[in-house]
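As structure tokens, the structure follows; a few thoughts come after it.
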Amino acid sequence: MGHTKEQLLVRLQELQIDFTKHEHPVVLTVEAQAKHVGHLNGALSKNLFLKDKKHRFYVVSAMAKTNVDLKVLSQRLGLGKGGLRMAPEEALGEVLQVPLGCVTPFALVNESARCVSLLLDQGFKTQECCFFHPLSNDTTIALNARGLDKFLSSIGKQSVYVDLEANPPVGKDQPPDLASLVPSDAISIPGQPDKAAPSLVSDMSHAPVNNKSTGVSAKAVKPSTDVRKEKLSNGVSLSTSFADPEKYVEDFIERTSSLVLSEITEENVKQYGEKLGENISNTIRKRLAMELKSTATMFKNTAYSEGFSAGTRQQAKRL
């Protein structure tokens, strides 16, 4: 059983995240949502739930006006032009545990979504507030990017903001800039048909999703990334600087502390009693294991990238 809207809102309050709540009839598109909150000062969001050929899942959360080209995004992840598709209906219930029309970053609060990669539109950081459904599309909440970051940190997720409209070249000498964001684990969905389900994108039926290639013609190479830079050259902004070990450790400890505090709730105290410590320990172990595994994958990809680049330079010298 996934989290409910009420549980999520209580969690935001416990984390002391400022937000405003707007109730309205059930909506399935951004256009319909805009009729109820569009007059307010803030940015509407559209959210894609995607999968690749190896059954790894992604949530792409973008501002409503952002044009998301799936073929370009797929290449930037190192998956080739046709590597991404809409996730099937079964995945909504099995992975995100939300109904149709409720895909947002908040769905990653569910344990079943721990392996899902999240890409956030860098435009959110410039907005006074952003609008999202809190696991239910009969309500919209408004909060700023700092509040969203704090929530994601509490569930062990790193906030990764990306220029989703960028179209950097990908080729032999230019590895895919978003390859480090590819999940390390696949998720098996029982009886899942291997086909796209375009209707399963929350708030996307009206939004421009360009599936035509916009000029990236070079072949993608294996996943790689340059973790030496806090802000990668092609528009990816990571909240943690791997170039500064002290800062990385401080950020990791801060996220761990936030995660521990988020689990010490009145509801959990009543539910687990004397076993609360054991329950928190198990939860922390699961969440931190996922993050450490993801970090290890980043370093592995970087090692590959460095070796690839060194080999290319050496070959050029010989020529």
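Bear in mind these aren't lab numbers, they're just calculated from the coordinates by the rules spelled out. What you are looking at is a predicted structure, and each value in this text was computed from that prediction instead of being measured. No Cβ is skipped: glycine too gets one built from the backbone with ideal geometry, and neighbour counts run over all protein chains shown.
Which value in nm describes the separation of the simple spin-label points at Val26 and His55, placed 7 Å from the Cα toward the beta carbon?
Calculated label separation equals 3.0 nm.
Give me the Kirkwood hydrodynamic radius of the stretch 5-181, using the inverse of the mean 1/r over all pairs of distinct Cα atoms, in Å to one decimal.
Over the stretch 5-181, the inverse of the mean reciprocal pair distance is 16.6 Å.
For a test of the definition: using alpha carbon positions, the gyration tensor, and the 1.5 limit on a/c, classify the stretch 113-173 as rounded, prolate or oblate.
Here the stretch 113-173 falls in the prolate category.
Over what distance in Å are the Cα centres of the stretch 128-151 and the stretch 70-103 separated?
Each part's Cα centre sits 21 Å from the other's.
Hey, can you rank 47-53, 139-145, 273-279, 123-129 by average C-beta count inside 10 Å, highest first?
47-53, 139-145, 123-129, 273-279
What list of ³J(HN,Hα) values in whole Hz, one per residue of the stretch 23-31 in order, does the Karplus curve 6.51 cos²θ - 1.76 cosθ + 1.60 (θ = phi - 60°) give from phi, with Gly and Pro shown as x?
8, 7, x, 4, 10, 10, 9, 5, 4
Checking the table Lys46/Lys81; Lys54/Lys150; Lys35/Lys150; Lys46/Lys71; Lys81/Lys150 against a 25 Å threshold on Cα-Cα, which pairs fail?
Lys54/Lys150; Lys35/Lys150; Lys81/Lys150
How much length is gained if the chain between Asn279 and Val260 is pulled fully straight, taking 0.36 nm per residue apart and subtracting their Cα-Cα distance, in nm to one decimal?
Gain in length upon complete extension: 5.8 nm.
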